[in-house]
């Protein structure tokens, strides 16, 4: 028995809804309007992967709303670790200290995906102008505790982090 094909009236869909329904088939992101991208990013609970792509496009366009959207996503209880990783990566790139602040409640989950984002950013900033501020940030001892039990295959820059910041208390 064949099921009937369901046709949605295209005229009644907003651009946001049409992209969400079609996802993972993606539009040419560079041609999507700013308002539609913002709507997709704000609708992160409905289609997290689509929201992550829209957020990345907004960042590439230099939208001033990216940091606020990233913070909102990171504060949400969304179970999508990849969306959190995208938001964290973009926030760390835009304002690393704000990214470290936002990541404080995320690293305790011990998600290798999120820990990798934080460790990579800490290692990067260790080499730059914010070295002293980064070393004093309260996220460093949190990461030191969280990396115990992981190896360098799971956390690709773990050994470099330990070389830069020390092992700290190696108790999970």
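Details
- Shape category assigned to the range 14-94 from the gyration tensor of Cα positions, a/c cut at 1.5: oblate
- C-alpha long axis of helix 48-60 to longest principal axis of the chain, angle in °: 70
- Fewest-first ordering of 86, 67, 14 by other beta carbons within 10 Å of each residue's beta carbon gives 14, 67, 86.
- For the range 96-158, the percent of C-alpha pairs falling in each 5 Å distance bin, counted from 0 to the bin holding the largest distance, reads 4, 20, 34, 25, 14, 4, 0.
- Normalised contact order of the range 96-172, rounded percent, pairs of Cα under 8 Å and 6 or more residues apart: 34
- Taking label points 7 Å from Cα along the Cα-to-Cβ direction, residue 25 and residue 163 give a separation of 4.8 nm.
- Rel. contact order, % - alpha carbon contacts under 8 angstrom, at least six apart, the chain: 13
Rule-based calculations on the coordinates, nothing more; no lab input. Please read all numbers here as calculations on a predicted model, not as lab measurements. Cβ atoms come from the backbone with ideal geometry, glycine included; neighbour counts cover every protein chain shown.
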